Amino acid sequence: FTPGPEVNAYAAGIALLPKRGFSEIERPISMRAELTGYQEDAKIAERRKALEADGVEIRPVTPLDIVPLLEFVRANFSADWHREASGVLNDLYNGDGRTVGMVIARQGETVLGYAEHRNERYGPFGVREDQRGNGIGRVLLSTMLIEMLKKNYHAAWFLWTGDDAARLYSRCGFHPVRRFSVLRKTF
């Protein structure tokens, strides 16, 4: 699925739709990062050390993380994210773990965030709302890219996000690939 028509490929069609009662409500972006030669940015490495000093551990998941992680995803994100996380964990521990991965941010027994990948597709990833803005997301993102690189993936990509999240992704080497138009018909 895509969130809507791709802006460059379907510009003429998108221009026609407002005349038919549609209005654009958002413009999600697709991004990609080249992993070959990826190294963690010095500011992210600095933030990682500060988080560790505060007792925040960011690392690959273990079987002991499964229940608290799925409870965290259910409490903080959509049912679709829970389904995705369940699928990755199932593949990781019951299937072929070579094609999936997941990292977790924990402070003691409390889950603060997670990130996942399936092949070169990155995400979803998220941080508990009251913990956003303190660098956990940047460190999770970078940790997952390092884990993907260890598996010899050449790139990481995701299909869509908003402009606010795109700024975070760009700090870890992601660049825009496609822009979509999400439209709504008003009656």
Do you know which of the residues in region 125-135 that are crowded, with 16+ Cβ neighbours inside 10 Å and under 20 Å from residue 40 (Cα atoms) is nearest to the chain's Cα centre (by Cα)?
125
Got a sec? Which helices (runs of 4 or more DSSP H) wholly within region 1-110 have at least 1 residues that are modelled with pLDDT of 95 or more and either among the basic types (Lys, Arg) or in contact with a Ser or Thr (Cβ under 8 Å, 6 or more places away or on another chain) (or both)?
42-53, 66-76, 79-94
Those residues of region 141-169 which are open to solvent by 30 Å² or more (accessible area, probe 1.4 Å) and under 16 Å from residue 47 (Cβ atoms) amount to 146, 167, 168
Counting only strands (runs of 3 or more DSSP E) wholly inside region 123-187, the ones holding at least 3 residues that are in contact (Cβ under 8 Å) with a residue 24 or more places away in the chain and within 24 Å of residue 83 (Cα to Cα) are 155-161
Can you report the number of residues in region 110-122 which are in contact (Cβ under 8 Å) with a residue 40 or more places away in the chain and over 13 Å from the mean Cα position of the chain (by Cα)?
2
Criterion: charged (D, E, K, R), within 24 Å of residue 46 (Cα to Cα) and out of contact with any strand residue (DSSP E or B) (no Cβ under 7 Å at 6 or more places or on another chain) - qualifying residue of 138, 98, 74
138
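Give 74, 48 a once-over and let me know the one that is surrounded by 11 or more Cβ atoms within 10 Å (Cβ to Cβ), charged (D, E, K, R) and touching a His at 6+ places or on another chain (Cβ under 7 Å).
Working: 48 fails: touching a His at 6+ places or on another chain (Cβ under 7 Å).
Being surrounded by 11 or more Cβ atoms within 10 Å (Cβ to Cβ), charged (D, E, K, R) and touching a His at 6+ places or on another chain (Cβ under 7 Å) holds for just one of 74, 48, which is 74.
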Do we have any residue at all in region 26-44 that's of a type in the set (Lys, Arg), in contact with a helix residue (DSSP H, G or I) (Cβ under 7 Å, 6 or more places away or on another chain) and farther than 21 Å from residue 147 by Cβ?
no
Looking at (1) more than 13 Å from the chain's Cα centre (by Cα); (2) under 27 Å from residue 52 (Cβ atoms), which is the one condition that is false for residue 180?
(2)
Can you tell me which residues in region 52-67 are within 20 Å of the chain's Cα centre (by Cα) and more than 19 Å from residue 101 (Cβ to Cβ)?
56
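The values are calculated or read from the model by the stated rules, or taken from the named source; none is laboratory data. Bear in mind that the values here come from a model prediction, so they are computed numbers and not experimental data. Positions of Cβ are generated from backbone atoms using ideal geometry, with glycine treated the same way; all protein chains shown enter the neighbour counts. Each accessible area value is taken on the protein alone, full model and side chains, heavy atoms only, with ligands, DNA and RNA left out. Shrake-Rupley method; radii C 1.70, N 1.55, O 1.52, S 1.80 Å.
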